[in-house]
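Some notes on the structure that comes next.
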Amino acid sequence: MRRLSLKTRLSLWFTLILTLICALMLLLAAAVYQNFDRRLLREALTDAVQEEAARIGDDRSYADHMGELREAEFLRGEVRLMVYDEDGAQVAGLYLGEGTDALPFSDEDAVRELTLDGQRYYCCDAQVRIRRGPDYWVRGVVPAGRSLWSALRGHFAPLALLPLLIALAFLGGRWLTGRFLRPIRDIDRTTEAIRESGDLSRRIPCADTGDELSDLARHINAMFERLEQNFHAERQFTANASHELRTPVSVILAQCEYGLENAQDAQELREVIAAVQKQGGRMSRLIETLLLFTRMEQSTERYRKAPTDLSALLRASCADHALIAPRGITIRQELSDGVTALVNPELFRLLLDNLLGNALRYGREQGTVVVSLQQTAQTVTLCVSDDGPGISPEDLPHIWETFYRADKSRSSRGLGLGLPLVRQIAAYHGGTVSVESTPGVGSTFRVSVPA
Ligand code: ADP
């Protein structure tokens with residue numbers, strides 16, 4: 001069975017609480033009213049009895065005409081009065097039954113309770129002393145207040161409207177809750193639509209009301225935005241990687257075919273194998289680098305960080321690159337000793353090799369590559385500058401993207417993964433990267449990591 005909607009459940013809950021509060025307030029009001037009503041009745045009873053006693057005491061000829069008095073004269077509001085002689089025989093007033101007559105008189109001015117035919121009454125007596133004549137007793141009787149229910153019915157008649165008001169509160173509450181919860185319905189619909197269609201470009205329509213639900217919708221939209229970007233980047237990455245692998249695979253297949261069908265001698269076969277080896281090496285580098293990206297994203301276990309002497313690491317990398325520096329390029333080191341940071345030496349060496357490799361590859365003939373290391377209290381900054389052709393302003397924002405190559409003809413040997421890898425390694429160490437480049441003057445790459 002389908003459960004009640006959140007809207008209905010919330011409205012029901014608050015209506016129930018409202019009803020309980022109303023019922024409690026009503027009971028309280030009725031109890032107070034009943035108490036008050038009782039006190040008024042008792043006062044009215046004693047007043048009526050005292051008045052009647054005084055009337056009889058003042059009226060010397062009372063005995064002569066008491067038989068002619070009409071019944072209405074013994075009814076004061078709800079109080080009924082009876083007059084008895086000193087022997088207890090009723091001589092005037094209303095007759096309520098033997099039960100009333102049988103009750104012994106009390107001259108203590110006290111209000112007593114008695115039950116007649118199942119109905120509770122208050123009763124009060126007063127003795128009238130007549131000089132030189134017989135005494136009388138005046139007795140007053142009044143029904144002992146109303147029950148709680150009759151009090152409610154009598155004076156709280158407008159309460160009949162209460163169920164209507166509660167129903168209105170329920171419907172109003174339901175409508176309001178529905179309005180408040182509308183963003184949740186929108187969120188539900190949008191996420192369901194995204195799940196069904198896989199279309200991450202959908203967004204939750206959210207009014208900027210500034211409440212928690214509009215904040216939630218905004219945050220979910222931001223999350224979708226991020227997911228969409230990541231998804232797009234991932235797809236682009238896969239497409240680029242496949243594209244990059246396809247070229248060497250095609251070359252290898254073509255070389256193999258040529259070797260099998262057309263190679264005339266061992267020398268020609270050796271050339272074919274060398275071409276295959278070159279493309280295999282390129283594929284291997286590509287796959288290694290892609291794996292490195294994935295490993296860095298997934299695990300921190302594999303690349304443990306340790307306090308590392310960056311000066312020594314940099315010197316070693318410079319020495320290695322100096323041996324293979326092309327076109328008469330020299331490397332100048334501006335390093336102070338003993339600069340250390342908490343890094344993974346293997347990854348950091350890779351970062352240095354990529355920056356130095358680029359500087360040598362794109363540097364000017366007979367030019368100079370300057371490598372420096374600066375340390376402050378918080379950071380260690382590595383700079384690699386060259387005096388090569390620089391990077392055009394159009395390319396500059398893109399050089400950190402995977403597989404981006406600014407000048408295809410000049411850098412056709414590169415994979416377009418070096419700088420993205422540098423950025424990824426810096427980020428892995430909680431650091432940042434930046435570049436300054438002036439076309440025709442040179443480029444300076446900076447990597448800062450926490451000291
Ligand atoms: P690649 O393998 O092509 O060098 P990178 O990611 O290392 O890939 O570099 C991306 C692009 O940035 C290169 O294709 C190149 O055009 C440009 N670039 C990188 N370093 C330099 C540099 N020192 N001088 C000029 N251009 C550079």
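What's log10 of I(q)/I(0) for region 200-302 at q = 0.12, 0.15, 0.21 Å⁻¹, Debye sum over Cα points only, no solvent?
So the normalised log intensities are -0.65, -0.80, -1.03.
Enumerate the whole-percent occupancy of each 10 Å bin, from 0 to the last occupied one, for all C-alpha pair distances of region 263-421.
Going out from 0 Å in 10 Å bins, region 263-421 shows 9, 30, 35, 18, 5, 1, 0 percent.
Using r as the Cβ-Cβ distance of residue 212 and residue 38, and R0 as 45 Å, what FRET efficiency do you calculate, to the nearest 0.05? Don't skip to the answer; put the middle values down first.
On the way: r = 52 Å, r/R0 = 1.17.
Efficiency at R0 = 45 Å is approximately 0.30.
For a distance above 20 Å, tell me the whole-number percent of Cα pairs in region 323-391 that qualify.
I get 33 percent for the Cα pairs in region 323-391 exceeding 20 Å.
Considering the options 260, 206, 247, tell which one lies farthest towards the positive end of the dipole of region 192-339, charges being +1 on Lys and Arg and -1 on Asp and Glu at the Cβ, about the Cα centre.
Positive-most Cα among the choices belongs to 260.
Which order do peptides 271-278, 164-171, 415-422 fall in by mean Cβ count within 10 Å, highest first? Before the final figure, lay out the partial values.
Working: 271-278: 15.0, 164-171: 13.1, 415-422: 20.8.
The peptides rank, most packed first, as 415-422, 271-278, 164-171.
Round to the nearest 10 and give me the degree value, 0 to 90, for the angle of helix 345-362's Cα axis relative to the longest principal axis of the chain.
50 degrees
Set Lys and Arg Cβ to +1 and Asp and Glu Cβ to -1, take the dipole of region 19-131 about its Cα centre, and tell me which of 72, 19, 128 lies farthest positive.
Projecting each Cα onto the dipole axis, the largest value belongs to 19.
In debye, nearest 20: dipole of the chain around its Cα centre with unit charges on the Cβ of K, R (+) and D, E (-)?
Working: 52 positive and 59 negative charges, 461 e Å.
Here the size comes out at about 2220 debye.
Taking H as built 1.01 Å from N, whose amide H comes closer than 5 Å to the amide H of residue 92, not counting residues under 5 places away?
For residue 92, the qualifying residues are 83.
Where in region 188-216 is the amide nitrogen less than 14 Å from a point lying 7 Å along the Cα-to-Cβ axis of residue 225?
Counting only backbone N, you get 201-206, 215-216.
Extent of the chain along each principal axis, from alpha carbon coordinates, in Å, largest to smallest?
Per principal axis, max minus min of the Cα coordinates gives 163, 57, 37 Å.
Angle check, please: helix 6-58 long axis (alpha carbons) against the longest principal axis of the chain (alpha carbons), in degrees 0 to 90, nearest 10.
Taking the Cα atoms of the chain, the angle to 6-58 is about 20 degrees.
On average over all directions, what projected area in square nanometres does region 6-160 have, based on the convex hull of its Cα atoms? Walk me through the numbers before you get to the answer.
On the way: hull surface 46.4 nm².
Computed as one quarter of the Cα hull surface, the answer is 11.6 nm².
Expressed in nm to one decimal, what extension gain is obtained for the pair residue 304 and residue 404 from 0.36 nm per residue of sequence separation less their Cα-Cα distance? Mind dumping the intermediate values first?
Numbers: separation 100, 0.36 × 100 = 36.00 nm, distance 2.93 nm.
Length gained between residue 304 and residue 404: 33.1 nm.
Full-extension gain between residue 263 and residue 20, please, as 0.36 nm times their residue separation minus the C-alpha to C-alpha distance. Kindly include the intermediate steps, with their values, before the conclusion.
Working: separation 243, 0.36 × 243 = 87.48 nm, distance 9.83 nm.
The span from residue 263 to residue 20 would gain 77.7 nm if fully extended.
Using only Cα atoms and rounding to the nearest 10 degrees, what angle (0 to 90) does helix 162-180 make with the longest principal axis of the chain?
Result, in degrees: 10.
Values quoted throughout were computed directly from the atomic coordinates according to the rules given, and no laboratory measurement underlies them. Just so it is clear, the model here is predicted, and its values are computed rather than measured. Positions of Cβ are generated from backbone atoms using ideal geometry, with glycine treated the same way; all protein chains shown enter the neighbour counts.
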